[in-house]
Structures are given as structure tokens and as C-alpha cells.
Amino acid sequence: MHATGLGMDSQAVRAAMVRKLQAQGVSDPMVLGAMHAVERHRFVDSALVNQAYEDTSLPIGLGQTISKPNVVARMAELLCQGRAEKLGRVLEIGTGCGYQAAVLSHLAREVYSIERLRGLHERARDNLRPLRVANLHLLLGDGMLGFPRGAPYAAIIAAAGGEDIPLAWTEQLAVGGRLVAPAANGSGGQHLVVIDKTATGLTRTVLEAVNFVPLKSGIA
Ligand code: SAH
């Protein structure tokens with residue numbers, strides 16, 4: 001529990017973060033509500049609590065990082081694609097500290113979040129325990145294989161980027177579902193990719209450049 005440093009002011013600090021997200025173009029009310037609700041400072045190391053609401057990525061241990069609030073909100077908004085109602089089942093690849101999983105739990109009926117590093121899987125469990133999020137399921141495993149038992153998913157979101165989008169993910173996506181993930185752009189960088197699955201096939205949209213940690217196979 002790292003809630004100390006910010007105490008009762010954290011509501012106001014989060015409200016300011018949400019206003020900044022709006023100024024940056026995030027407009028989905030459900031997403032803004034989720035960003036306001038989840039106490040980001042509970043997910044970062046106590047030494048970083050004062051930076052928890054700044055628009056910056058932060059180290060979460062084992063060489064991994066929690067994405068900037070702006071990136072979390074942007075990806076969540078892409079997943080919700082303007083629907084007024086909650087998503088059905090969502091798969092997140094890369095639980096990390098559990099922050100984005102907590103945000104997604106406000107946007108979906110069920111969230112499955114998979115992490116390949118045992119140390120982070122356990123840290124996420126500890127971070128999330130006091131929040132008692134009943135619709136969030138944390139899994140230890142190789143997310144490159146997806147999680148077939150929860151499929152098909154209304155949405156799939158990855159917080160780590162590989163050479164391309166693993167086939168398992170598009171296979172486990174429901175028709176009408178959407179996947180948002182970083183992928184290599186062929187010149188050493190990454191961009192955000194959106195894949196929509198329709199009755200007639202997959203549509204791929206390439207968006208802005210991003211900078212996520214690498215997607216790796218196997219558990220460790
Ligand atoms: N959403 C996270 C971001 C964590 S960074 C948060 O809010 O904190 C991305 C995470 O993806 C890292 O923890 C990394 O270990 C994990 N990851 C990388 N490849 C993976 C894979 N194949 N399966 C599951 N997790 C993976």
C-alpha cells in the first residue's frame with residue numbers, strides 16, 4: 001500500500017489529470033470517469049507517488065513501466081469506440097502493476113489480464129487486493145497465446161509490443177470486437193495498431209508512433 005504521500009488531496013489531483021486528458025482530446029465520458037476513479041498513486045512505488053498523476057510513464061520494477069495516463073486513456077477510448085454501454089469480456093496482455101487493468105474494470109463486464117513475470121503478477125495482485133475489483137481476473141502466463149478459456153473477447157489490449165500482432169489474439173477476438181496494440185513499424189520504432197474483426201474479415205488501422213516495452217514469450 002503506497003497511498004500515504006497524497007492522502008486526501010488525491011481526488012483533486014486526479015480531477016486535474018482528467019481535465020488535462022480532456023484538453024489532450026480524450027472525450028469518452030466512461031473513460032474519463034474511470035481515469036478519475038482509479039487511484040494511480042496506489043500502483044507506483046512510494047518514492048514515485050508525487051509523480052503518479054503527471055503525464056509520464058513510470059518504472060514499476062523488473063525493467064517494466066506503467067504507461068502515461070494519456071496513453072492509457074487513448075487506448076481505452078479506442079477500445080470503447082464511442083459505445084455508451086460497457087464492453088463485454090476484455091483481455092489485457094501485460095498486467096504490469098495492474099493500473100490499466102483497474103481502469104478497464106470500469107469499462108467492461110469482465111477483464112482478464114495476463115502477465116508473464118511472476119514478480120509483477122504478484123505485485124498487481126497486492127496492489128489490487130484492497131480495491132476488491134470483482135470483475136477482474138489476474139493470470140500468470142504467456143499472453144502471446146492469449147487466454148483461450150475467456151474467448152471470444154469484445155476487446156483485446158496489449159501493453160507490450162512485438163514484431164507483429166500474434167495470430168492467437170485475432171483468433172480470440174469476437175466478431176464485432178476490436179484489438180488495440182503496439183507493433184513494430186519496420187524501421188526500429190513502434191506504432192499503435194487497431195484491428196477490427198467483422199463478419200468478412202480483419203481491418204487494420206495504423207495510428208501514431210508509440211513506445212512500449214517489448215512483448216516477450218514464455219513466463220519468467
Ligand atoms: N498495463 C500495465 C503496463 C505494464 S508494461 C500497467 O498498467 O502497469 C507491459 C507489461 O507487459 C510488462 O509487465 C511485461 O512483463 C508484460 N509482457 C510482455 N510480454 C508479455 C507476454 N507475452 N505475456 C504477458 N505479459 C507480457
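Any read-out appearing in this document is the output of simple, stated calculations on the displayed coordinates, not a laboratory observation. Keep in mind that this is a model prediction, so the values were computed, not measured. Here the Cβ is made from the backbone with ideal geometry for all residues, glycine too, and neighbour counts use every protein chain on show.
Given segment 89-191, what percent of its DSSP beta bridges are antiparallel, to the nearest 5? DSSP beta bridges in segment 89-191 are roughly 10 percent antiparallel. Taking amide H as placed 1.01 Å from N in the peptide plane, the amide H of Val210 sits under 5 Å from that of Gln190, His191, Leu192, each at least 5 places away or on another chain. Return the single residue from Asp142, Asp164, Asp196 with maximal mean-square fluctuation; model: Gaussian network over the chain, springs between Cα atoms under 10 Å. Maximum fluctuation in the GNM of the chain, among the listed residues, is at Asp164. Just check segment 11-214 against the gyration tensor rule for me: Cα atoms, a ≥ b ≥ c as the square roots of the eigenvalues, rounded for a/c under 1.5, and otherwise prolate or oblate depending on whether a/b exceeds b/c. Cα axes put segment 11-214 in the rounded bin. Mind listing which GluC sites (Glu not before Pro) in segment 112-220 are in a DSSP loop and have 15 or fewer other Cβ atoms within 10 Å? Answer in residue order: Glu163. Note that segment 178-186 has calculated 3J(HN,Hα) couplings of 9, 10, 10, 7, x, 8, 5, 9, x Hz, one per residue in order, obtained from phi through the Karplus relation 6.51 cos²θ - 1.76 cosθ + 1.60 (θ = phi - 60°); glycine and proline are x. Taking label points 7 Å from Cα along the Cα-to-Cβ direction, Asp196 and Asp126 give a separation of 4.3 nm.
Rounded to the nearest Hz, the phi-derived 3J(HN,Hα) couplings of segment 23-34 under the Karplus curve 6.51 cos²θ - 1.76 cosθ + 1.60 (θ = phi - 60°) are 5, 7, x, 7, 10, 5, x, 5, 5, 4, x, 5, where x marks glycine and proline.
Rounded to the nearest Hz, the phi-derived 3J(HN,Hα) couplings of segment 70-83 under the Karplus curve 6.51 cos²θ - 1.76 cosθ + 1.60 (θ = phi - 60°) are 4, 6, 4, 5, 4, 5, 5, 5, 4, 5, 6, 6, x, 5, where x marks glycine and proline.
The DSSP beta bridges internal to segment 11-214 are antiparallel in roughly 45% of cases.
For the residues Leu128, Leu140, Leu202, a GNM of the chain with alpha-carbon springs under 10 Å puts the largest fluctuation on Leu202.
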